[in-house]
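Enquirer: One structure, pasted below without further comment.
The values are calculated or read from the model by the stated rules, or taken from the named source; none is laboratory data. In this text, all values refer to a predicted model and were calculated from it rather than measured experimentally. Virtual Cβ from ideal backbone geometry, glycine too; neighbours counted across all protein chains shown.
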Amino acid sequence: MKPITVAVNGILGKMGREVVSAVCQQQDMVLAGGADIKASQNTIDLPFSRGHAPIFKDIAALLDATKSDVLVDFSVADTALNAIRVAAAKKTNVVIGTTGFSTASLKQIEAIAKDNDIGIVIAPNFALGAVLMMHLARIASKYFDYAEITEAHNHEKADAPSGTALATVRGMIQSRGKPFISPQTKNFTLENVRGGQVDGVTIHSVRLPGLVANQEVVFGGQGQTLSIKHDTINRECFMPGVILAIREVAEHHAFVYGLEKLLHLGGT
Ligand SMILES: NC(=O)c1ccc[n+]([C@@H]2O[C@H](COP(=O)([O-])OP(=O)(O)OC[C@H]3O[C@@H](n4cnc5c(N)ncnc54)[C@H](O)[C@@H]3O)[C@@H](O)[C@H]2O)c1
């Protein structure tokens, strides 16, 4: 069978490099090239004895030169939308890991997929374990009235709480159809010590050097607690999800939002 040719936008970034390594380890894929605004050379060396691949500053030049089946984008939201438009015009399928799209941009991306009959998979979290953690939290939410979340990330993370923590709470509330019960503390001897609250769920955000990304959802009930925990050890955790998405878009020309759809995790 003909291998899937993959191009990467943001190829010199942390995630872009990880994608190069993951693609080069697949028998059914070829890393065709990449684009990055920081590109200062014409080629990059590929790992696993895969030789070299061309790199460009310009996404259109990349797709013209490589005629890739799939473009994987891990860049920045502003630039990613343009990359998607360029790819669609050239009938290239797209996998998007870049985060930070507005709701309006997501609607535009969905329309681009339909209008051009290409596949687009967009997932704010490609880590299989994180997606399963959110799914299991949705299930448990129907059976417990109390829940708290502790999310822990690297000290350089700009925002708090994490988007994953907020998305977890949204899914939990959607599943149980009502807010959780929030215990009322009478006397505070330290300000903000109970964290932030969304729909009765308290979120605690830890920021420390050395951490990558962790989240624990703890449910409380009569005489018991239930903990669902996901630990990210390094960026490789995103790659099985990205590789799954590449195979999916190469085969099915549809718009898919969220890795949970590709894992066939039904609604709870
Ligand atoms: N979906 C997921 O599971 C997941 C996981 C990790 C990170 N992310 C997201 O992926 C994105 C990239 O993350 P990162 O850690 O690799 O960041 P990074 O800053 O290391 O890499 C981004 C790369 O994009 C390049 N770039 C910027 N503007 C460009 C342009 N106009 N054209 C081409 N390249 C351009 C930069 O030069 C850089 O090399 C972020 O949005 C991040 O939130 C998503």
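Enquirer: Say we look at the range 23-34 and pick out the residues that are farther than 22 Å from Ala88 by Cα and in contact with a strand residue (DSSP E or B) (Cβ under 9 Å, 6 or more places away or on another chain); which of these is surrounded by the fewest Cβ atoms within 10 Å (Cβ to Cβ)? Steps first, please.
Expert: Of all residues in the range 23-34, those farther than 22 Å from Ala88 by Cα come to 24-28.
If we keep only those that are in contact with a strand residue (DSSP E or B) (Cβ under 9 Å, 6 or more places away or on another chain) too, we end up with 24, 26, 28.
On the way: Cys24: 18, Gln26: 17, Asp28: 12.
The qualifying residue surrounded by the fewest Cβ atoms within 10 Å (Cβ to Cβ) is Asp28.
Enquirer: Shifting gears a bit: Can you find a residue that is of a type outside the set (D, E, K, R) and within 15 Å of the ligand (Cβ to nearest atom) anywhere in the range 45-52? Explain how you work it out, then say what you get.
Expert: Initially, the range 45-52 is screened for residues of a type outside the set (D, E, K, R), giving 46-49, 51-52.
With within 15 Å of the ligand (Cβ to nearest atom) added as a condition, the list becomes none.
No, because not a single residue in the range 45-52 is of a type outside the set (D, E, K, R) and within 15 Å of the ligand (Cβ to nearest atom).
Enquirer: Hey, does the range 35-51 have a residue that's surrounded by 14 or more Cβ atoms within 10 Å (Cβ to Cβ) and within 21 Å of the chain's Cα centre (by Cα)?
Expert: yes
Enquirer: Same structure, new question: Against the conditions (1) within 19 Å of Gly100 (Cα to Cα); (2) buried (at least 23 other Cβ atoms within 10 Å of the Cβ), where does Lys14 fall short? Just the number, please.
Expert: Of the numbered conditions (1) within 19 Å of Gly100 (Cα to Cα); (2) buried (at least 23 other Cβ atoms within 10 Å of the Cβ), the odd one out for Lys14 is (2).
Enquirer: Next question. Which of the residues belonging to the range 96-132 are more than 16 Å from the ligand (Cβ to nearest atom) and either modelled with pLDDT under 95 or assigned to a loop (DSSP other than H, G, I, E, B) (or both)?
Expert: Our first condition is that a residue be more than 16 Å from the ligand (Cβ to nearest atom); within the range 96-132, this holds for 103-104, 107-108, 110-119.
Listed by number, the residues that qualify are Thr103, Ala104, Asp117, Ile118, Gly119.
Enquirer: Give me the pairs: first residue in the range 235-257 and over 16 Å from Arg17 (Cα atoms), second residue among the aromatic types (Phe, Trp, Tyr) and within 15 Å of the ligand (Cβ to nearest atom), beta-carbon distance under 8 Å, and six or more apart or on different chains, which are they?
Expert: Ala245/Phe126
Enquirer: Now a separate question. Looking only at the range 223-238, how many residues end up being surrounded by 12 or more Cβ atoms within 10 Å (Cβ to Cβ) and within 15 Å of Ala213 (Cα to Cα)?
Expert: 9
Enquirer: Let me ask something else about it. Mind counting the residues in the range 84-95 that are in a helix (DSSP H, G or I) and either within 16 Å of the ligand (Cβ to nearest atom) or more than 19 Å from Ile59 (Cα to Cα) (or both)?
Expert: Of the residues in the range 84-95, the ones in a helix (DSSP H, G or I) are 84-89.
Among the residues that remain, those that are also either within 16 Å of the ligand (Cβ to nearest atom) or more than 19 Å from Ile59 (Cα to Cα) (or both) are: 84-87.
Summing the residues that are in a helix (DSSP H, G or I) and either within 16 Å of the ligand (Cβ to nearest atom) or more than 19 Å from Ile59 (Cα to Cα) (or both) in the range 84-95 gives 4.
Enquirer: Taking the conditions exactly as written (under 14 Å from Gly10 (Cβ atoms), in contact with a strand residue (DSSP E or B) (Cβ under 8 Å, 6 or more places away or on another chain) and either assigned by TED's automatic domain parsing to the domain that holds Ile243 or within 14 Å of the ligand (Cβ to nearest atom) (or both)), does Phe74 satisfy them or not?
Expert: Details: under 14 Å from Gly10 (Cβ atoms): yes; in contact with a strand residue (DSSP E or B) (Cβ under 8 Å, 6 or more places away or on another chain): yes; either assigned by TED's automatic domain parsing to the domain that holds Ile243 or within 14 Å of the ligand (Cβ to nearest atom) (or both): yes.
Taking the combined requirement at face value, the residue satisfies it.
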